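Here the structure is laid out as structure tokens; the discussion comes afterwards.
The values are calculated or read from the model by the stated rules, or taken from the named source; none is laboratory data. Predicted model only: the values in this text are computed from it and were never measured. Reconstructed Cβ throughout: ideal geometry from the backbone, glycine too, with neighbour counts over all protein chains shown.
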Amino acid sequence: MNFCLVGAGFSCAVIGRELAGAGHRVTIIDVRDHVAGNCHTERDTETNVMTHVYGPHIFHTDDQEVWEYVNRFTTFKSYVNRVKTTSMGQVFSLPINLHTINQFFGKTMRPDEARAFIEQQADTSIEDPQTFEEQAMRFVGKELYEAFFKGYTQKQWGCHPSELPASILKRLPVRFNYNDNYFFHRFQGMPEHGYTKLVEGILDHPNITVKLSTRFERSMLDEYDHVFFSGPLDGFFDYELGRLGYRTLDFERFTYQGDYQGCAVMNYGEEEVPYTRITEHKHFSPWEEHDGSVCYREYSRECGEEDIPYYPIRLVKEKALLADYVEKARQTDKVTFVGRLGTYRYLDMDVTIREALDTARGFLKCVEEKKPAPAFFVEA
């Protein structure tokens, strides 16, 4: 069969590789002039630092098959994400851990003592947190919430934390030990030569043709047996029902001779500081040595028509519009919507790859059983 996959990020690269491996012809197109989507990495010409062009991505997963899959195509180096935050004239460790608690409150508590202390700080009158603010107040109390969550969240999402659902703050945002590894997962690392080389490796198959700087037109549906679409769901329908809401990011790049901040990620939790964080990209490749440094100040704002969409907002208004687009998608033949934009969900890289593998396998089963493929293998 002959397939078109729209978007050269992880979703379509993985699906395309699985289809190509099953003997089908695959054409992957992307409107940009590079593969790997927002995970695109490249060497900075001034410093030779490997930069994450659209903001940093750290690979972390508990999914052994996904970990083994990406390691087929590149070498991963050990990397532990240790995030710091500047607040009230001090630098603290994130996520909130025993060191953060003791430093913030000027104490030397043991884990059990800290657990009891934080429970005293918490607002236990909130039995069923409904908003982000209630979730934070219930689990860490007012002081830690205001120091580390309130301002950062307001800048990131452009609204007060009381307007955001509790689900955004999914896990208990505190650890009662000195573990400052930002992630919990078994497998963590960075591709030695960057994410773009990883995606190029996935796409390196004789049955795959890649066409960059190429825009998808719906008339292309007639040229292929099936299309996998990883672009914006509302964009596929030319936004005829309205635009789904996203946050976008602006990056202010600057260079520095030496080590600018001593860590990869420094958050700024105070609302008065206009940016959310500064990332120093040479620290994402600690096995390399560079005299110069490349840093990005990161600003979050509402996504405009010409901007790159990063984070789906998924509040009440957007969910209602999403339901209408999902219904239109289900009535469209020969198209399956995939990935972060195609399903309007925030997805980590490992989840994106897992869903792509499952989608490809599900689709091949539909072909084998001569059944029509659904518009969504994962619910939007």
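Points worth noting:
- Identity of the residue in segment 1-55, among the acidic types (Asp, Glu) and under 19 Å from VAL338 (Cα atoms), that ends up surrounded by the fewest Cβ atoms within 10 Å (Cβ to Cβ): GLU18
- Against the test of being closer than 26 Å to HIS185 by Cα and basic (Lys, Arg), the options ARG297, ARG301, ARG354 yield a single qualifying residue, ARG354.
- The set of residues in segment 299-332 that are in contact (Cβ under 8 Å) with a residue 12 or more places away in the chain, closer than 24 Å to ASP30 by Cβ and part of a loop (DSSP other than H, G, I, E, B) comprises CYS303, GLY304, GLU305, ASP307, ILE308, PRO309, TYR310, THR332.
- Among residues of segment 285-298 being touching a Ser or Thr at 6+ places or on another chain (Cβ under 9 Å) and outside any strand (DSSP E or B), the one that is nearest to ASP44 (Cα to Cα) is HIS290.
- Residues that are over 21 Å from LYS170 (Cβ atoms) and surrounded by fewer than 20 Cβ atoms within 10 Å (Cβ to Cβ) within segment 56-75 comprise GLN64, GLU65, GLU68, TYR69, ASN71, ARG72, PHE73, THR74, THR75, listed in sequence order.
- Members of segment 218-272 found to be in contact with an Asp or Glu (Cβ under 9 Å, 6 or more places away or on another chain), of a type in the set (A, V, I, L, M, F, W, C) and over 20 Å from GLY55 (Cβ atoms), listed by number: LEU221, LEU241, LEU244
- Test result for TYR260, closer than 30 Å to ASP234 by Cα and modelled with pLDDT of 95 or more: no
- Against the conditions (1) farther than 30 Å from PRO191 by Cβ; (2) of a type outside the set (A, V, I, L, M, F, W, C); (3) not in a helix (DSSP H, G or I), LYS84 satisfies every one except (1).
- THR86 among the polar types (S, T, N, Q) and touching a Cys at 6+ places or on another chain (Cβ under 8 Å): no
- When SER78, SER87, SER93 are checked against the criterion of being loosely packed, with under 15 Cβ neighbours inside 10 Å and touching a residue at least 12 places away in the same chain (Cβ under 8 Å), SER78 stands alone in meeting it.
- Pairing each residue of segment 189-212 that is over 16 Å from ILE15 (Cα atoms) with any residue that is part of a loop (DSSP other than H, G, I, E, B) and of a type in the set (Phe, Trp, Tyr), provided the two are 6+ apart or on different chains, yields C-beta distances under 6 Å for GLY189/TYR79; MET190/TYR79.
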